[in-house]
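FYI, it's all coordinate maths here, none of it is from the lab. For clarity, every value in this text was computed on a predicted model and none was experimentally measured. Methodologically, a virtual Cβ is constructed for each residue, glycine included, from the backbone with ideal geometry; neighbour enumeration extends over all protein chains shown.
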Amino acid sequence: MSTKNTAVNDIAHVVVVIPAHDEAARLGRLLASMSLARRRVSEKVSTSCVVVADACTDRTAEVARCFLTGGQDVLEEVEVRSVGRARQRGVASAIEGHEDLRRVWIANTDADTVVPDNWLTAQLRLANSGYDAVAGTVTLLEDDDWCPTVAARFERAYRWPPGTPHPHIHGCNLGVRASTYLEVGGWSERCSAEDGDLWRRLKTHARVLSSAESRVATSARMHGRAPDGFAGHLVSLDQSAFPEPPAGAPMRLPGR
């Protein structure tokens with residue numbers, strides 16, 4: 001059942017869960033932005049961060065240790081080779097020891113992403129108004145992987161009708177109440193599309209919201225970590241794969 005909007009269920013702890021596979025070059029950028037977002041959270045709400053370094057052959061774990069200095073911050077080093085299973089492990093570690101999971105919020109993102117300062121406060125405001133899960137939106141980082149043609153095509157394909165909820169689901173911008181997460185079975189063990197799978201179950205069970213209030217910026221790379229993941233969608237928008245559509249032509253992009 002959906003969580004009722006009462007002060008009893010206001011969020012008391014928020015945890016950020018980040019799966020990472022060979023992300024030493026990008027993880028520090030995310031964790032720096034996450035530090036700023038955590039500082040914006042009310043002193044009445046405790047925060048923690050779990051990085052799950054999955055089958056890493058680079059300095060991902062070392063980078064994580066430099067940033068995870070809070071008393072409740074955790075670095076998990078695993079060999080599961082699956083983003084779904086890595087997210088599972090991170091959440092399990094994050095919620096261990098918390099008695100009232102209705103008051104714990106899980107904010108999920110990815111190691112190749114940067115979050116805005118209001119990322120956590122926006123989710124917490126929605127959680128405290130009664131929502132059990134929130135799906136956010138993304139834009140592309142203008143980093144070394146950025147291509148102006150692909151970026152323009154992405155923004156065009158990403159649009160949705162004004163006044164309607166957005167249709168997109170991204171593991172790098174998805175928050176959920178811990179009690180609700182467990183009630184629907186949590187992350188699946190999928191190597192990709194784990195975000196859409198979880199959201200479908202949440203929609204049938206809980207009070208959810210697709211919100212564009214707090215958009216994260218994610219990597220524009222076209223060689224991603226997950227098979228059939230977000231990078232694959234960017235490849236489909238590459239000019240080498242498809243001609244430029246005429247002005248005003250509809251363009252669809254899968255929700256992830």
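Assorted remarks:
- With contacts taken as Cα pairs under 8 Å at a separation of at least 6 residues, segment 141-208 carries a relative contact order of 25 percent.
- Placing a label point 7 Å from the Cα of His98 along the Cα-to-Cβ direction, the residues of segment 188-211 whose backbone N falls under 17 Å from that point are 207.
- Here segment 115-215 is treated as an ellipsoid with the same Cα gyration tensor; its semi-axes, largest first and in whole Å, are 25, 16, 13.
- For Thr139, the amide hydrogen comes within under 5 Å of the amide hydrogens of Val216, Ala217, Thr218, counting only partners 5 or more places away or on other chains and with H modelled in the peptide plane.
- Over segment 58-199, relative contact order from alpha-carbon pairs under 8 Å, at least 6 apart, %: 37 percent
- Stokes-Einstein diffusion coefficient of segment 113-167, Kirkwood radius over Cα pairs, 20 °C, 1.002 mPa s, in µm²/s: 157 µm²/s
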